[in-house]
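So the structure is just underneath, and the comments pick up after that.
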Amino acid sequence: MTPQTHWNTIYRTKPATEVSWFQEHALRSLDFIRRTQVPLTGRIIDVGGGASTLVDDLLLAGYTDITVADISGAALDVARARLGALADRVTWLEADITRAALPADAYDVWHDRAVFHFLTDAADRARYVAQVRRAVKSGGHVIVATFATDGPSQCSGLPVVQYRPETLHAEFGTDFQLTESLQEAHVTPAGSEQRFVYCYCRMEPSAAP
């Protein structure tokens with residue numbers, strides 16, 4: 001089964017509000033994005049955003065240039081249906097982010113909650129980082145959240161890589177200046193706890209393509 005089929009099957013057979021990673025409001029992510037102080041016209045890409053409600057809150061906050069990227073068209077359909085007419089204000093990208101044709105030097109903010117930890121192959125992680133380097137503007141902001149070392153070892157039947165702040169930052173390298181890291185205890189719809197680690201970096205001008 002391909003990754004796309006795997007995730008499409010999940011979103012076609014289970015309500016988006018019942019998947020373990022569901023958040024009614026992605027408050028931690030929204031707070032990080034606000035703290036970047038990019039203007040409301042700044043370009044934001046939410047990688048693996050799928051059915052996430054982050055896009056709803058970004059639109060409500062007044063951001064006007066949002067791209068939601070996900071490998072699952074079914075997940076994107078959930079978000080589009082939820083937003084209704086507001087969906088026309090968003091750019092929707094159905095693609096594997098490690099291979100997507102992203103515009104160069106385009107985004108002010110790259111946000112990813114819970115995609116990177118699924119990249120268990122080092123070559124896939126290298127392709128992901130190369131995409132960030134190419135697509136994020138010089139001096140842009142990179143916010144990535146993964147399962148922490150005391151978090152789950154798999155999710156939705158797939159293995160993941162668990163990280164500490166320093167090991168997550170190391171995947172990106174010294175061209176990415178680590179501004180802040182923190183852990184979050186996410187409570188799933190079923191009531192269990194998942195530990196996440198967030199890293200917020202600035203991509204230094206020397207790292208720009």
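The values are calculated or read from the model by the stated rules, or taken from the named source; none is laboratory data. This is a predicted model, so every value here is computed, not measured. In this analysis, Cβ positions are derived from the backbone assuming ideal geometry, glycine residues included, and neighbour counts consider all displayed protein chains. Remember, those area values only see protein heavy atoms, side chains included, never the ligands or the DNA or RNA. Shrake-Rupley method; radii C 1.70, N 1.55, O 1.52, S 1.80 Å.
Points worth noting:
- Single residue of region 184-209 satisfying the filter (open to solvent by less than 60 Å² (accessible area, probe 1.4 Å), part of a strand (DSSP E or B) and among the aliphatic types (A, V, I, L, M)) that is modelled with the highest pLDDT: Val197
- Search result, residues across region 14-44 that are of a type in the set (Val, Ile, Thr) and under 27 Å from Gln154 (Cβ atoms): Thr17, Val19
- Inside region 31-55, residues that are assigned to a helix (DSSP H, G or I) and open to solvent by 10 Å² or more (accessible area, probe 1.4 Å) make up a count of 3.
- Counting the residues of region 54-69 that are under 12 Å from the mean Cα position of the chain (by Cα) and of a type in the set (S, T, N, Q) gives 1.
- Residue in region 165-182 that is outside any helix (DSSP H, G or I), within 25 Å of Ala79 (Cα to Cα) and either in contact with a Phe, Trp or Tyr (Cβ under 7 Å, 6 or more places away or on another chain) or at pLDDT 95 or above (or both) present: no
- Per the listing Ala81, Ala16, Ala87, the residue uniquely at pLDDT below 95, at negative phi and among the small types (Gly, Ala, Ser) is Ala16.
- Inter-residue pairs, beta-carbon under 8 Å, first open to solvent by 60 Å² or more (accessible area, probe 1.4 Å) and in region 167-183, second among the acidic types (Asp, Glu), 6+ apart: Gln177/Glu204
- If the condition is being outside any loop (DSSP other than H, G, I, E, B), over 20 Å from Asp70 (Cβ atoms), open to solvent by 20 Å² or more (accessible area, probe 1.4 Å) and touching a residue at least 12 places away in the same chain (Cβ under 8 Å), then region 115-158 contributes Arg133, Lys137, Ser138.
- Test: Phe22 is open to solvent by less than 20 Å² (accessible area, probe 1.4 Å) and either touching a residue at least 60 places away in the same chain (Cβ under 8 Å) or touching a Lys or Arg at 6+ places or on another chain (Cβ under 6 Å) (or both): no
- All positions within region 57-70 that are of a type outside the set (A, V, I, L, M, F, W, C), surrounded by fewer than 16 Cβ atoms within 10 Å (Cβ to Cβ) and either in contact with a Ser or Thr (Cβ under 8 Å, 6 or more places away or on another chain) or within 25 Å of Gln183 (Cβ to Cβ) (or both): Thr64
- In the set (1) more than 19 Å from Gln194 (Cα to Cα); (2) modelled with pLDDT under 95, the condition left unmet by Arg35 is number (2).
- Lone unmet requirement of (1) touching a residue at least 40 places away in the same chain (Cβ under 8 Å); (2) more than 14 Å from Ala26 (Cα to Cα) for Ala51: (2)
- Candidates Arg28, Arg99, Arg12, Arg82, filtered to the one that is open to solvent by 30 Å² or more (accessible area, probe 1.4 Å), basic (Lys, Arg), assigned to a helix (DSSP H, G or I) and closer than 28 Å to Arg133 by Cα: Arg28
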